[in-house]
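The values are calculated or read from the model by the stated rules, or taken from the named source; none is laboratory data. From a predicted model like this one, the values you see are computed outputs, not experimental measurements. Counting neighbours? That spans all protein chains shown, and the Cβs are built from the backbone with ideal geometry, glycine included. Surface accessibility is based on the protein's heavy atoms, side chains included, excluding ligands, DNA and RNA. Shrake-Rupley method; radii C 1.70, N 1.55, O 1.52, S 1.80 Å.
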Amino acid sequence: MTNIRSQFEGLRVIGDVHGDADAYAAAVEGARAERLFIIQLGDLTDGGSDSPEVLRRTFDLLDARAGIFLLGNHDHKLRRALSGARLHIDANGLGNTLQQIEQAPDRDTLRDRIMAEVARAPAWLRIDQRVFVHGGFHPRMLHLPPPPEAGANRPEGLVPRALFGQVTSRMRPDGFPERLHDWVDRIPQGFTIYCGHEVRSSDGRPLTHIGAQGGAAVFMDTGAGKGGHLSWVDLPW
């Protein structure tokens, strides 16, 4: 990130997009105007009106070296679906995304780019005393780099925590896995974790949770593409 620091004034951290192309365009254009490097926390697609446009805009950021996206569970599942894996497909989520891609004029190019970029998307990123991850943190992320090609492989090691957070073997009444947040208490003092994956806010703004050791987790998913809206925060270097 050394060269990035010299080219950008700071960071813009963007939560789960889930196909909300208009909100994402506003976030990206605003970052460009303010010379901010973008870190998008994963889950680009599923739910909103135009997942292909969200993907195109993200790939443009990569090409311009003006931003990155982290591997989210929806991104990982999209790549698996495009590779022909047999999956349960939610008609209003991944099913809608696949239909949008199939109807896109650039569908073949888009499919190839999805396969390549999701495969190499980092599962987490550490910059100084900040860690960026889609689902949940583990202290070993402070010392270990993410595995290469995590998006092309079965989640192993720390990758399940990065994609899905901390879960039990039980399901909630709404059909989603039961999630725990004990990992917040393992964040060392002075560190901040920026994550998405689930809507925890009750007021539409990113939720900050201080753990037992004094470290902080900032939950950035505020429901874009799922009836809520897209959130982002700007950080200095």
- Item | Carbon and sulfur %, accessible surface of the chain computed with the full protein complex present, 1.4 Å | 48
- Message: Normalised by the empirical 2.2 N^0.38 Å for globular proteins, what value does the Cα Rg of segment 106-237 take?
- Response: 1.11
- Item | Highest-MSF residue in the chain out of 48, 227, 95 [GNM, Cα springs under 10 Å] | 227
- Query: Which of 196, 148, 72 sits farthest toward the positive end of the charge dipole of the chain, with +1 on the Cβ of Lys and Arg and -1 on the Cβ of Asp and Glu?
  - Reply: 148
- Message: I need the Kirkwood Rh of segment 61-102: take the reciprocal of the average 1/r across all distinct C-alpha pairs and report it in angstrom.
- Response: 11.6
- Task: Run a plain Debye calculation on the chain (Cα atoms as equal point scatterers, no solvent) and give log10 I(q)/I(0) at q = 0.07, 0.14, 0.16 Å⁻¹, rounded to two decimals, same order as the q list.
- Result: -0.20, -0.87, -1.17
- Task: Quick one: which residues, 5 or more positions from residue 165 or on another chain, have an amide H under 5 Å from its amide H? H modelled 1.01 Å from N in the peptide plane, none for Pro or chain starts.
- Result: 135, 136
- Over segment 132-192, volume per residue of the alpha carbon convex hull, in Å³: 104
- Could you give the size of the charge dipole of the chain about its Cα centre, using +1 on the Cβ of each K and R and -1 on the Cβ of each D and E, expressed in debye and rounded to the nearest 20? 680
- Item | Highest-MSF residue in the chain out of 12, 120, 172 [GNM, Cα springs under 10 Å] | 172
- the chain: relative contact order as a whole-number percent, Cα under 8 Å and 6+ apart: 23
- Query: Given R₀ = 30 Å, FRET efficiency for residue 62-residue 92 by Cβ-Cβ distance, to 0.05?
  - Reply: 0.60
- Item | Where N is the number of residues in segment 48-148, Cα Rg divided by 2.2 N^0.38 Å | 1.16
- Item | Options 158, 44, 103, ranked by Cα towards positive dipole end of the chain, top entry (Cβ charges) | 158
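Over the chain, average the accessible area per residue using a 1.4 Å probe and give it in Å², no decimals.
The answer is 47 Å² per residue.
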